[in-house]
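S.K.: There's a structure below that I have some questions on.
The values are calculated or read from the model by the stated rules, or taken from the named source; none is laboratory data. Values in this document were obtained by computation on a predicted structure and should not be read as measured data. Cβ placement follows ideal geometry from the backbone for every residue including glycine, while neighbour counts extend to all protein chains displayed. Note: areas computed on protein heavy atoms with side chains; ligands, DNA, RNA excluded. Shrake-Rupley method; radii C 1.70, N 1.55, O 1.52, S 1.80 Å.
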Amino acid sequence: MAGEAAELLRHYVADRWQTPEDEGTPLHHAATGEEIARVSVAGIDRAAALDHGRRVGSPSLRALTFHQRAALLKALGSYLREHRDALYELSIPTGATRGDAMVDVDGGIGVLLGYASKAKRELPNDTVYVDGPVEQLGKGGTFLGQHIATPLHGVAVQINAFNFPVWGPLEKLAPAFLAGMPTLIKPASPTAYLTARLVELIAESGLLPDGAVQLICGPTGDLLEHLTPQDMVSFTGSAATAQKVRSHPAVVRNAVRCNVEADSLNLSVLGPDAEPGTSEFDLYVKQLVTEMTVKAGQKCTAIRRALVPAWHIDAVAEAAAERLSRITVGHPADTDVRMGPLVSLEQRDEVRRSLKALLDAGSVVAGDPESVEVIGADADRGAFVSPVLLRADDPDRAEPHQVEAFGPVATLIPYTATERAIELAARGEGSLAGSVVTADTGFARDMVLGVAPWHGRLLVLDDTDAGESTGHGSPLPALVHGGPGRAGGGEELGGMRAVLHHMQRTAVQSSPEVLRAVTGRWVPGAARSVTEVHPFRKSLAELRVGDTVIGGPREVTAGDIAHFAEFTGDTFYAHTDEAAASANPLFGGIVAHGYLVVSLAAGLFVDPDPGPVLANYGLENLRFLTPVKPGDALTVTMTCKQIIPRTDADYGEVRWDVDVTNQDEASVAKYDVLTLVAKEIGS
């Protein structure tokens with residue numbers, strides 16, 4: 001965009017691009033101060049955007065299964081990966097170096113691909129999520145309860161911060177899309193042009209259903225006024241703005257779900273054992289400097305408070321100052337630059353104001369709070385600051401625990417004992433992320449358990465895990481991103497937890513037959529179907545939930561038990577020593593091996609000839625309930641419990657309920673058998 005007429009950012013509403021009706025407000029290049037885009041919402045109907053999402057996007061997404069949505073997320077992630085160079089290039093005006101851009105762009109794409117993969121493994125190929133086991137509500141088993149989760153019929157509105165204009169929208173989009181909710185993206189204005197390009201790529205891909213994604217740049221305006229009880233808001237930004245969102249009359253009146261992720265004074269604790277010269281000492285210093293300078297410290301997870309043993313603080317200060325002296329600051333397009341500018345001159349002024357407050361409680365260890373030498377740019381026109389490391393010799397001063405300079409700034413704080421470190425950690429009043437660097441597992445345990453109530457995520461770093469660690473400041477799709485108190489009290493990511501945030505959990509009470517109809521799964525008490533055709537002779541297309549095979553009875557002899565013990569080497573006394581087994585109050589004599597029971601059951605239900613069943617790939621929920629003694633006769637009842645077609649293969653998964661009973665009709669073993677079954681005969 002540099003050197004060209006500033007572009008007026010368009011909005012993607014109701015599946016078409018719309019241009020605002022006035023000239024808008026200028027947005028500037030973080031390094032040069034040049035005007036590169038303009039933003040306005042004049043003439044953009046926010047209510048219409050929400051209505052379109054509810055009427056068009058929501059039904060389209062809810063018609064798809066979880067696996068179909070996952071396949072679209074995977075395709076979108078692959079498409080964006082092919083076009084990421086365009087996003088890298090447009091990241092430069094935001095102040096991002098190539099390394100910074102990779103954190104943002106590749107991180108966002110990784111969230112899409114990560115959620116697509118987890119959904120295939122952890123969610124059913126269905127439109128309903130069954131949450132937890134069936135609850136028997138009556139003695140006779142005719143009245144059951146089951147929790148289910150279904151998508152909200154609204155729009156997932158995301159209000160994002162300026163620091164991650166690609167990762168921010170994508171990490172919120174992925175779980176909402178999987179849940180079946182359309183998304184409306186409202187980026188922060190300073191970097192909205194990069195998010196707009198991201199949405200252009202999404203629209204150009206043609207992969208997502210109509211209404212699935214919309215974009216409104218610029219001020220929030222009256223957006224929140226049009227929210228309904230079925231909508232949801234996910235906010236990332238300052239605690240002050242979060243409070244305004246939470247307390248908006250429409251949000252309060254309609255009890256709109258509001259998930260907040262706010263900036264916090266994250267800490268990193270160096271263990272007393274990590275003396276200079278140890279791997280952990282070096283890891284601590286390297287991590288501190290990295291967190292200060294990546295994205296110019298503009299990360300909600302960056303280290304702001306560095307807690308170190310008082311007797312190591314001079315060594316940490318010296319080592320960190322030496323590493324910081326090698327950080328080159330300048331134009332982010334210059335390959336010699338390690339740290340770019342802040343996002344805007346306004347942000348630079350805000351960081352300087354916060355630095356002034358922090359200096360009242362500490363001294364400078366490294367860096368210059370007032371000036372900075374830059375490469376390839378004008379230090380005055382760009383939003384450049386020097387990375388500044390402070391030292392607060394009085395850890396009881398409030399400023400280091402309450403004032404955040406949202407830039408390349410951190411404060412060294414001494415502690416004298418484990419309990420003292422835990423107390424100081426709590427003074428931050430809630431954080432997104434914390435880290436403990438130590439090789440002492442006892443100290444690690446004490447710190448984790450002591451500070452966990454104040455943290456959403458904790459990294460324990462030592463020489464063992466350092467090679468694979470993703471770092472203090474990197475949220476991961478599988479783990480919770482969020483924190484209590486000052487950090488906003490919300491949760492993002494965390495695997496399927498985030499998907500369920502976008503769904504309504506409902507307790508269904510009914511007969512077994514109704515519950516089967518609602519969930520698509522056979523439950524105890526529902527009808528079984530025993531036909532002339534063995535279920536193993538049926539393809540996935542022919543198989544029905546409730547199809548059952550009954551085999552047996554088969555008598556278990558003393559010879560069977562002895563042979564199994566000798567053949568397998570499992571000569572545990574309960575199977576081989578009559579006297580010892582008789583003395584066991586649970587058995588009162590020789591009993592069959594549990595795995596002998598499972599093996600005999602397989603012989604009773606299996607159909608041996610080649611057919612649509614391709615493989616048995618596991619057992620789940622196996623429980624041995626009643627001892628099996630010589631002379632007992634086993635009968636097995638195997639029922640098709642759940643059918644899960646795969647979207648990317650010519651076979652699917654079938655879950656079978658297995659109940660092995662004795663001659664008294666008492667269950668001796670219960671478990672689920674998992675098989676892979678061809679979708680069609682001969683496929």
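S.K.: What number goes with the only condition from (1) surrounded by 16 or more Cβ atoms within 10 Å (Cβ to Cβ); (2) in contact with a His (Cβ under 9 Å, 6 or more places away or on another chain); (3) free of Cβ contacts under 8 Å to residues at least 60 places away in the same chain that residue 422 does not pass?
M.R.: All conditions are met except number (2).
S.K.: Take region 255-279 and flag every residue that is open to solvent by 50 Å² or more (accessible area, probe 1.4 Å) and either β-branched (Val, Ile, Thr) or outside any loop (DSSP other than H, G, I, E, B) (or both).
M.R.: Passing the criteria: 257, 279.
S.K.: Tell me whether region 498-520 contains one or more residues that are open to solvent by 70 Å² or more (accessible area, probe 1.4 Å), outside any strand (DSSP E or B), at negative phi and touching a strand residue (DSSP E or B) at 6+ places or on another chain (Cβ under 7 Å).
M.R.: no
S.K.: Sticking with this structure for a sec: Report those strands (runs of 3 or more DSSP E) wholly inside region 1-93 carrying at least 1 residues which are open to solvent by 50 Å² or more (accessible area, probe 1.4 Å) and among the acidic types (Asp, Glu).
M.R.: 35-39
S.K.: What number goes with the only condition from (1) modelled with pLDDT of 95 or more; (2) surrounded by fewer than 20 Cβ atoms within 10 Å (Cβ to Cβ); (3) more than 37 Å from the chain's Cα centre (by Cα); (4) not acidic (Asp, Glu) that residue 623 does not pass?
M.R.: Unmet for residue 623, out of (1) modelled with pLDDT of 95 or more; (2) surrounded by fewer than 20 Cβ atoms within 10 Å (Cβ to Cβ); (3) more than 37 Å from the chain's Cα centre (by Cα); (4) not acidic (Asp, Glu): (3).
S.K.: Also, I was wondering about something else. With the requirement that a residue be farther than 22 Å from residue 125 by Cβ, of a type outside the set (Ser, Thr, Tyr) and surrounded by fewer than 21 Cβ atoms within 10 Å (Cβ to Cβ), what does region 663-681 give you?
M.R.: If the condition is that a residue be farther than 22 Å from residue 125 by Cβ, of a type outside the set (Ser, Thr, Tyr) and surrounded by fewer than 21 Cβ atoms within 10 Å (Cβ to Cβ), then 663, 664, 665, 666, 670 are the ones that fit.
S.K.: Considering each of 135, 171, 204, 225 in turn, give the residue that is without any contact (Cβ under 8 Å) to a residue 12 or more places away in the chain and part of a helix (DSSP H, G or I).
M.R.: Criteria check complete, one pass: 204.
S.K.: Check off (1) buried (at least 22 other Cβ atoms within 10 Å of the Cβ); (2) in contact with a helix residue (DSSP H, G or I) (Cβ under 8 Å, 6 or more places away or on another chain); (3) not in a loop (DSSP other than H, G, I, E, B) for residue 250 and give me the number that stays unchecked.
M.R.: (1)
S.K.: Follow-up. Please specify each residue of region 560-586 satisfying the condition of being open to solvent by less than 70 Å² (accessible area, probe 1.4 Å) and more than 22 Å from residue 634 (Cβ to Cβ).
M.R.: 569, 577, 580, 582, listed by residue number.
S.K.: Continuing with this model, one more query. Name the residue that is surrounded by the most Cβ atoms within 10 Å (Cβ to Cβ), counting only residues in region 109-165 that are of a type in the set (Asp, Glu) and farther than 16 Å from residue 507 by Cα.
M.R.: Only one residue tops the list, namely 126.
S.K.: Quick one: what pairs do we get from region 604-622, first residue farther than 21 Å from residue 531 by Cβ, second loosely packed, with under 14 Cβ neighbours inside 10 Å and modelled with pLDDT of 90 or more, C-beta under 9 Å, 6+ apart or different chains?
M.R.: Every condition considered, no pair remains.
S.K.: Need the failing condition index for residue 531 against (1) of a type in the set (Ser, Thr, Tyr); (2) more than 28 Å from residue 140 (Cβ to Cβ); (3) free of Cβ contacts under 8 Å to residues at least 40 places away in the same chain, just the number.
M.R.: Evaluating residue 531 over (1) of a type in the set (Ser, Thr, Tyr); (2) more than 28 Å from residue 140 (Cβ to Cβ); (3) free of Cβ contacts under 8 Å to residues at least 40 places away in the same chain leaves (2) as the failure.
S.K.: When you go through (1) more than 29 Å from residue 104 (Cβ to Cβ); (2) out of contact with any strand residue (DSSP E or B) (no Cβ under 7 Å at 6 or more places or on another chain); (3) surrounded by 15 or more Cβ atoms within 10 Å (Cβ to Cβ) one by one for residue 527, which number turns out not to apply?
M.R.: Evaluating residue 527 over (1) more than 29 Å from residue 104 (Cβ to Cβ); (2) out of contact with any strand residue (DSSP E or B) (no Cβ under 7 Å at 6 or more places or on another chain); (3) surrounded by 15 or more Cβ atoms within 10 Å (Cβ to Cβ) leaves (3) as the failure.
S.K.: Are any residues in region 166-197 under 18 Å from the mean Cα position of the chain (by Cα) and either open to solvent by 10 Å² or more (accessible area, probe 1.4 Å) or aromatic (Phe, Trp, Tyr) (or both), and if so, which ones?
M.R.: Result: 167, 172, 177.
S.K.: Next up: Return the residues of region 532-568 that are over 48 Å from the mean Cα position of the chain (by Cα), hydrophobic (A, V, I, L, M, F, W, C) and part of a loop (DSSP other than H, G, I, E, B); say none if nothing qualifies.
M.R.: Of everything in region 532-568, just one residue is over 48 Å from the mean Cα position of the chain (by Cα), hydrophobic (A, V, I, L, M, F, W, C) and part of a loop (DSSP other than H, G, I, E, B), namely 556.
S.K.: Moving to a separate point now. Identify, from the list 360, 396, 380, the residue that is closer than 19 Å to residue 429 by Cβ and open to solvent by 60 Å² or more (accessible area, probe 1.4 Å).
M.R.: 396
S.K.: Hey, among 576, 568, which residue is in contact (Cβ under 8 Å) with a residue 24 or more places away in the chain, over 30 Å from residue 644 (Cα atoms) and among the hydroxyl-bearing types (Ser, Thr, Tyr)?
M.R.: Checking each option against the conditions leaves just 568.
S.K.: Keeping to region 285-322, report how many residues are in a strand (DSSP E or B) and more than 16 Å from residue 470 (Cα to Cα).
M.R.: Selection size over region 285-322: 6.
S.K.: Let me ask something else about it. Can you name every residue in region 203-212 that is within 22 Å of the chain's Cα centre (by Cα) and open to solvent by 10 Å² or more (accessible area, probe 1.4 Å)?
M.R.: 208
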